[in-house]
1. Out of all the residues in the range 170-212, which are among the basic types (Lys, Arg) and farther than 29 Å from residue 287 by Cα?
2. So the check is Cβ under 6 Å with 6+ separation or different chains; which pairs have a first residue in the range 67-85 that's under 16 Å from residue 114 (Cβ atoms) and a second one that's of a type outside the set (A, V, I, L, M, F, W, C) and surrounded by fewer than 19 Cβ atoms within 10 Å (Cβ to Cβ)?
3. Taking the stated definitions as given, is residue 179 under 27 Å from residue 257 (Cβ atoms), acidic (Asp, Glu) and in a strand (DSSP E or B)?
4. Restricting to the range 80-120, what's the tally of residues that are modelled with pLDDT of 95 or more, assigned to a loop (DSSP other than H, G, I, E, B) and on the phi > 0 side of the Ramachandran plot?
5. Could you tell me whether residue 215 is surrounded by 13 or more Cβ atoms within 10 Å (Cβ to Cβ), at pLDDT 95 or above, of a type in the set (D, E, K, R) and over 20 Å from residue 144 (Cβ atoms)?
6. Looking at (1) of a type outside the set (Gly, Ala, Ser); (2) crowded, with 20+ Cβ neighbours inside 10 Å; (3) more than 14 Å from residue 241 (Cβ to Cβ), can you tell me which one residue 207 breaks?
7. So, in the range 225-235, how many residues would count as being over 17 Å from residue 302 (Cα atoms) and either assigned to a loop (DSSP other than H, G, I, E, B) or touching a Gly at 6+ places or on another chain (Cβ under 7 Å) (or both)?
8. Take the range 150-182 and flag every residue that is more than 21 Å from residue 218 (Cβ to Cβ) and touching a strand residue (DSSP E or B) at 6+ places or on another chain (Cβ under 6 Å).
Amino acid sequence: MSTSRRRHTRRPVDRAVRSAVRAASALALASAVALASGCAAEPGPGGEASVTPAPTPTPTGPVVGDESGLDWADEFDDGLAAWRHSTGAGDWGVGSIVFYTDRDTNAFVQDGVLSIVARAEQGTDDQGRSADYTSARLVSRDAFLYGRFEARIKAPSGGGLWSAFWLLGVYDDQTRWPDVGEIDIVELVREGDTAHSTVWGNWAGHDEAWSLKIETPADDGSWADDWHVFAAEWDPDGVTFFIDDQETGRVTRADMEDGWEWAVTRPVNIVLNLAVGGDWPGEPNVDTPFPAALQVDWVRVYDTEVTPAG
């Protein structure tokens with residue numbers, strides 16, 4: 001396991017464990033339910049939030065709730081109804097050079113498979129910011145507290161490409177990143193030779209975030225250009241990561257250094273995106289295969305508490 005700091009700029013869970021997790025999460029979920037519904041993964045407008053009783057909305061993903069523990073799933077048989085687009089051009093805090101759009105050329109469903117497509121084309125957002133590449137960043141409309149999150153993914157390989165399946169804590173008026181917490185279930189950069197899984201939190205009294213990372217090299221040289229199931233089991237004490245149902249590592253509160261605060265305690269949105277460029281993957285090169293597609297067969301969440309979108 002590796003640690004770092006960044007400056008601000010299907011294995012069902014045991015039923016007894018599930019009951020304990022749900023009991024522990026009840027208070028946090030009740031206080032967050034009004035905020036998570038309709039709240040973007042980015043900071044929203046100012047104003048003090050309050051919890052107001054309202055009719056319970058219907059989750060946007062199909063809820064199964066059977067003995068397998070499956071509580072939410074998107075098999076991509078109904079377009080992108082369960083997702084919203086997070087749009088805009090800029091570096092997104094990581095130096096990327098991409099314009100995330102809501103165009104159906106950058107994100108679409110065909111034959112039950114989601115494709116997020118990065119293209120080498122210039123684009124300008126509604127704030128006048130431009131980028132040389134377009135792509136898509138999708139955020140689940142529903143939010144979730146604890147459970148097992150998994151997706152069957154086929155990521156592209158190539159210079160400057162950065163595929164990600166991750167969880168971002170729901171923002172409120174007083175809490176921003178990294179205090180909201182972040183769990184990167186998998187990130188694949190460039191040729192995808194290593195799967196990166198990370199938990200992020202805040203470092204009390206410092207203008208920095210901490211991270212604990214599990215790095216898993218591919219036996220055959222790359223996790224990209226083929227289908228794999230990436231998963232994470234998140235409970236109040238830690239996060240366990242899996243690839244193709246094989247455990248790759250676990251991050252817990254006990255792994256933190258002095259002064260670090262465990263931030264992954266609130267409902268999260270699921271995020272799927274394909275970035276281009278940035279501090280980590282570098283810029284594309286002449287061999288980068290544009291258009292490049294991050295494909296997702298399905299996303300499933302087990303043993304969770306769902307906060308439906310309003």
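1. Of everything in the range 170-212, just one residue is among the basic types (Lys, Arg) and farther than 29 Å from residue 287 by Cα, namely 176.
2. Once the first residue is under 16 Å from residue 114 (Cβ atoms) and sits in the range 67-85, its partners that are of a type outside the set (A, V, I, L, M, F, W, C) and surrounded by fewer than 19 Cβ atoms within 10 Å (Cβ to Cβ) give 73/62; 76/112; 77/112; 85/102.
3. Against the criterion (under 27 Å from residue 257 (Cβ atoms), acidic (Asp, Glu) and in a strand (DSSP E or B)), residue 179 does not qualify.
4. The total comes to 2.
5. Here the answer is yes, as residue 215 does meet what is asked.
6. Unmet condition: (2).
7. 2
8. 167, 168, 169, 170, 178, 179, 180, 181, 182
The values are calculated or read from the model by the stated rules, or taken from the named source; none is laboratory data. None of the values given here were measured: they were computed from a predicted structure. As a convention, Cβ positions derive from the backbone with ideal geometry for all residues, glycine included, and neighbour counts pool all protein chains shown.
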